[in-house]
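One structure, pasted below without further comment.
The values are calculated or read from the model by the stated rules, or taken from the named source; none is laboratory data. Keep in mind it's a predicted model, so treat the numbers as computed, not measured. Because the Cβ atoms are built from the backbone with ideal geometry, glycine has one as well, and the counts that use them run over all protein chains shown. Side chains are part of the model used for accessible areas, which takes the heavy atoms of the whole protein and leaves out ligands, DNA and RNA. Shrake-Rupley method; radii C 1.70, N 1.55, O 1.52, S 1.80 Å.
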Amino acid sequence: MTALHGGLAVNPAAPADLLLRLLEPEYESAWYALASRRASFPEEVTAAIVMHPHPRVRGALARNPFVDPEVRGLLVDDPDWLVRARLAGRPDRTRPIRPLPDWVIDRMLTTYDNDGLQELFFSRQIPFRIQRSYCRHPMASIRQMATNVWTFLSVSERAALLKDPHPQVRASAEHMLETDDAEAMERRLGPVPVPRNHGTGLILVNYRLSRTVVDWLLSDPHPDNPWVLAHNYSTPPDVVARLVAHPDPKVRLELARRGDLAPAHVQDLARDTDPRVRTAISLRLELREDERAAIDYAVDTDEEFGPCDHHAQAAPDPAVSAVYARSRHPLLRRRAARDPALPAALVTLLARDDDLGVRMLLAHNHPAPPPELLLRSYLEHRGVYRDLLTEHPRFPVAGLGARFMDADAPDERRLAVLDPGLAPGTADRLTRDPGSAVRAGATRHPRLPGGRLLALLADEELGEHAAANPALPVNVMRGLLT
């Protein structure tokens with residue numbers, strides 16, 4: 001009965017009283033399935049899980065990517081640190097993240113310890129607009145975090161942090177000013193040769209360097225120094241010019257990404273022997289379309305092309321996205337396809353794009369992709385995010401049964417069981433399909449004939465899926481518990 005109880009736990013038609021019974025100790029094997037289910041929870045079941053005595057149950061709800069973040073947020077003050085850590089961590093690495101509610105984030109920022117906050121920051125559950133608002137938070141430790149988005153703050157917001165009543169906030173803001181002060185950074189680094197550690201490495205890579213430090217990096221034999229100089233925004237033009245012919249392609253690639261690269265060096269690297277360097281040059285904003293087309297760049301088609309966590313980063317510039325969408329360069333069109341605010345006319349344009357990456361990124365990242373694009377993308381790309389396409393509310397499920405029930409590939413026959421109008425006889429037949437995912441999907445289909453559904457409850461492989469079928473009579477569900 002253990003597997004059947006797990007099926008009942010995820011059955012979207014299971015009544016609340018039955019789900020509450022599954023939270024009792026004798027049904028412990030179904031606890032995780034219940035707390036992790038995709039279907040929504042009745043209010044009384046949510047309350048029972050939040051107050052469940054076993055932290056494993058509460059922790060499963062905290063990591064459930066299918067429930068509303070408001071429901072997950074009910075565990076923000078859970079007495080068990082592991083439950084709180086699971087709430088702070090990313091629920092599912094293969095799914096786009098829905099941000100936590102503002103009140104939950106504020107509660108975590110003001111009450112969680114450093115370990116919990118690190119989990120939260122890396123989980124990307126904090127919207128960018130919340131990060132931008134740190135500078136106005138009443139708690140000093142949160143205002144101090146605003147310096148992490150210093151470049152996005154307004155002049156007045158920076159000035160307020162520099163005059164903040166709390167000394168640690170002022171010190172953090174003053175440090176951000178110092179990062180663009182070569183003499184201040186030289187004092188932080190100390191005398192040359194500079195000791196190699198995490199702190200000095202951060203300065204050498206990201207902060208303004210004095211000429212003394214630059215000259216030391218040029219003379220020091222450490223193998224990372226050329227890359228550091230190629231990356232650092234303050235590297236003088238004469239040093240950049242020396243690095244254009246560096247034998248390491250990683251150094252030249254970093255140069256190609258510099259915003260201040262001189263036109264002559266752009267031309268030199270456009271003819272580089274490494275395709276990665278040429279491709280990076282081809283994406284520079286100052287180039288005209290005919291100049292891009294003249295570069296022998298490479299387009300990778302082996303990427304995953306999955307969803308992005310848009311809420312966790314600054315919104316793209318609509319004007320730039322519009323330019324990218326009309327570019328002849330497929331990698332620029334891919335950038336446009338990631339923009340969830342792309343207007344309908346450009347969505348229509350990119351949905352017909354001849355580049356697979358453009359179409360896939362549009363399908364995964366726009367809230368209203370054309371339904372036919374979602375289906376085409378599923379059929380054309382077999383990446384790890386493929387099944388997310390079938391879960392999109394605009395995925396065209398009507399008519400899939402007749403179209404794909406006899407397809408050669410099992411992953412295409414699986415589309416047939418997504419059709420809500422699937423013929424009962426077809427559903428019956430597909431429960432015997434050679435593909436395990438097809439058999440499971442057909443067994444869960446609500447149009448499966450009742451006799452076949454009841455018979456499959458005794459099937460070793462498919463019994464759990466039969467118990468999850470919403471067409472299962474409630475009296476039968478109750479009988480499975482007794």
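Please find the FRET efficiency linking ALA13 to SER156, where r is the Cβ-Cβ separation and R0 is fixed at 45 Å, and quote it to the nearest 0.05. Numbers along the way, then the final one.
Values: r = 55 Å, r/R0 = 1.23.
E(calc), rounded to 0.05, equals 0.20.
If you don't mind, another one. Could you tell me what a quarter of the Cα convex hull surface of the chain works out to, in nm² with one decimal place?
Working: hull surface 111.1 nm².
Its average projected convex-hull area is 27.8 nm².
Please calculate how many Å² of accessible area region 103-219 carries per residue, with a 1.4 Å probe and no DNA, RNA or ligand atoms counted.
55
How big is the convex hull of the Cα atoms of region 254-357, per residue, in Å³?
On the way: hull volume 12.6 nm³, N = 104.
So the per-residue hull volume is 121 Å³.
What does the charge count around ARG413 come to, taking other residues whose C-beta lies under 13 Å from its C-beta (Lys +1, Arg +1, Asp -1, Glu -1)?
Values: positive: ARG403, ARG414, ARG429, ARG432, ARG439; negative: ASP406, ASP408, ASP411, GLU412, ASP419, ASP433.
Overall, the nearby charge balance is -1.
Please give, to one decimal in nm, the separation of the simple spin-label points placed at HIS175 and ASP92, each 7 Å out from Cα toward the Cβ.
Taking the simple label geometry, HIS175 and ASP92 are separated by 3.8 nm.
Indicate the gyration tensor shape class of region 363-420 (rounded, prolate or oblate), computed on the Cα atoms with a ≥ b ≥ c the square roots of the eigenvalues: a/c under 1.5 is rounded; otherwise a/b larger than b/c is prolate and the rest oblate. Walk me through the numbers on the way to the answer.
Working: a/c = 2.20, a/b = 1.41, b/c = 1.56.
Oblate shape, in that a/c is at least 1.5 and b/c is the bigger or equal ratio.
Relative to the present Cα-Cα distance, how much length would full extension add between ASP354 and GLU372 at 0.36 nm per residue of separation? Walk me through the numbers before you get to the answer.
On the way: separation 18, 0.36 × 18 = 6.48 nm, distance 1.49 nm.
Here the answer is 5.0 nm.
Would you mind checking region 297-324 for residues with the amide N under 17 Å from a putative spin-label position 7 Å along Cα→C-beta of GLU286?
From region 297-324, the list is empty.
Hey, with R₀ at 30 Å, roughly what FRET efficiency would SER436 and ASP80 work out to, going by the Cβ-Cβ distance, to 0.05? Mind showing how you got there, number by number?
Values: r = 36 Å, r/R0 = 1.21.
It comes out at approximately 0.25.
Here's another thing I want to ask about it. What are the radius of gyration and Dmax of region 407-449, computed over its Cα atoms and given in Å?
8.8, 25
Using 0.36 nm per residue of separation minus the Cα-Cα distance, give me the extension gain between ALA315 and ASP113 in nm, one decimal.
Details: separation 202, 0.36 × 202 = 72.72 nm, distance 2.98 nm.
That works out to 69.7 nm of additional length.
On a C-alpha basis, how far is the centre of region 328-344 from the centre of region 157-214 in Å? Whole number, if you could?
Value for the Cα centre distance between the two parts: 37 Å.
Expressed in nm to one decimal, what extension gain is obtained for the pair ARG403 and ARG129 from 0.36 nm per residue of sequence separation less their Cα-Cα distance?
94.2 nm
Could you grab the relative contact order for the chain? Cα pairs under 8 Å, six or more apart, rounded to a whole percent.
Details: 672 pairs, mean separation 53.8, N = 482.
In percent, rounded to a whole number, it is 11.
Find the percent of Cα-Cα distances in region 339-443 that exceed 25 Å, and round it to a whole number. Walk me through the numbers before you get to the answer.
Values: 1376 of 5460 pairs.
The share of Cα pairs beyond 25 Å in region 339-443 comes to 25 percent.
Hey, with R₀ at 22 Å, roughly what FRET efficiency would ALA471 and LEU20 work out to, going by the Cβ-Cβ distance, to 0.05? Walk me through the numbers on the way to the answer.
Working: r = 22 Å, r/R0 = 1.00.
Efficiency, rounded to the nearest 0.05: 0.50.
How much of the accessible area of region 190-346, in percent, comes from carbon and sulfur atoms when a 1.4 Å probe is used?
Details: 4700 of 7990 Å².
That share works out to 59 percent.
From the C-alpha coordinates alone, can you work out the Kirkwood hydrodynamic radius of region 1-147, in Å?
Values: mean 1/r = 0.0622 Å⁻¹.
For region 1-147, the Kirkwood estimate is 16.1 Å.
Specify whether the C-alpha gyration tensor of region 13-62 places it in the rounded, prolate or oblate class, a ≥ b ≥ c being the square roots of the eigenvalues: rounded for a/c under 1.5, otherwise prolate if a/b is larger than b/c and oblate if not. Show your work: numbers first, answer last.
Numbers: a/c = 1.38, a/b = 1.19, b/c = 1.17.
It comes out rounded by the Cα gyration axes.
If the viscosity is 1.306 mPa s and the temperature 10 °C, what Stokes-Einstein diffusion coefficient in µm²/s follows for region 54-105 when Rh is the Kirkwood radius over Cα pairs?
Numbers: Rh = 10.8 Å.
Approximately 147 µm²/s, per Stokes-Einstein.
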